[in-house]
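Below: one structure, written as structure tokens.
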Amino acid sequence: MFLRTWGQLKMNLSTPNVTLPAEKIYTEIYSRKNMSQNTHNIRQKLQGIQSSLKAPKGQTNKFGGYKYRSCEDILTAVKPLLAEWGCSLVINDDLDTCGGRVYIKATATLADNDTEQAISASGFAREAPNKKGMDDAQITGSASSYARKYALNGLFAIDDTKDADATNDHGKRAMKPSEAAMEKAQRQHDAQQAGF
């Protein structure tokens, strides 16, 4: 029997057929009320956030002249959606060592505030052995930001294939296969002409 008010609860407790303690009945009323308000599970909430999220590339690399999206850009865009969907986001960092190199593992966890269901994604970034103009703390912080960005990308299905990290050649233009073949043929021709 589903009880809707405290008055009905008190009235039914005086009935000899009710064998549950008042706390258990009240807890059942409360949990049913919350379940009726929370009709989405964590995956449905994640899907809603993913489909609504617009995280623009708000940063510009002055050296390369390209736009990119930072961890902070993603967090700024996702915070209103977290409130709308009744979720919380926590990002944790761990250090891993592999082959003598230090990696930062960032884990982004989305949790449903009502049910405490959670779903996570991780991203990795390697600490540079040294970086000109940066001390050790800045190198670790830079790797942490990078790993966090990719953990958030994985969790919220943000596609960075057209992002600067994927397309920037740092001034080294990749040749098309036909250009590479022509250059190789020219080198072979020049070598034959020189008698090699």
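The values are calculated or read from the model by the stated rules, or taken from the named source; none is laboratory data. Source: prediction; values computed, not measured. Please note: Cβ atoms are built from the backbone with ideal geometry, for glycine as well, and neighbour counts cover all protein chains shown.
Residues are listed down the side, and each one gets a yes or a no for (1) exposed (fewer than 15 other Cβ atoms within 10 Å of the Cβ); (2) in the same structural domain as GLY48 (by TED's automatic domain parsing); (3) small (Gly, Ala, Ser); (4) modelled with pLDDT of 95 or more:
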| position | (1), (2), (3), (4) |
| --- | --- |
| VAL78 | no, yes, no, yes |
| LEU95 | yes, yes, no, no |
| THR107 | no, yes, no, yes |
| ILE139 | no, yes, no, no |
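For segment 126-133, does any single residue satisfy the condition of being at pLDDT 90 or above and in the same structural domain as PHE156 (by TED's automatic domain parsing)? Within segment 126-133 (the criterion being at pLDDT 90 or above and in the same structural domain as PHE156 (by TED's automatic domain parsing)), the answer is yes, since at least one residue qualifies.
Of all residues in segment 73-83, none satisfies being touching an Asp or Glu at 6+ places or on another chain (Cβ under 9 Å) and either within 13 Å of ALA55 (Cβ to Cβ) or of a type outside the set (Phe, Trp, Tyr) (or both). Filter segment 73-87 down to the residues that are closer than 14 Å to LEU152 by Cβ and free of Cβ contacts under 8 Å to residues at least 60 places away in the same chain and list them by number. Across segment 73-87, the qualifying residues are ASP73, THR76, ALA77, LYS79, LEU81, LEU82, CYS87. Taking the stated definitions as given, is ASP112 among the charged types (D, E, K, R), exposed (fewer than 15 other Cβ atoms within 10 Å of the Cβ) and at pLDDT 90 or above? Judged against the criteria, ASP112 is not a match.
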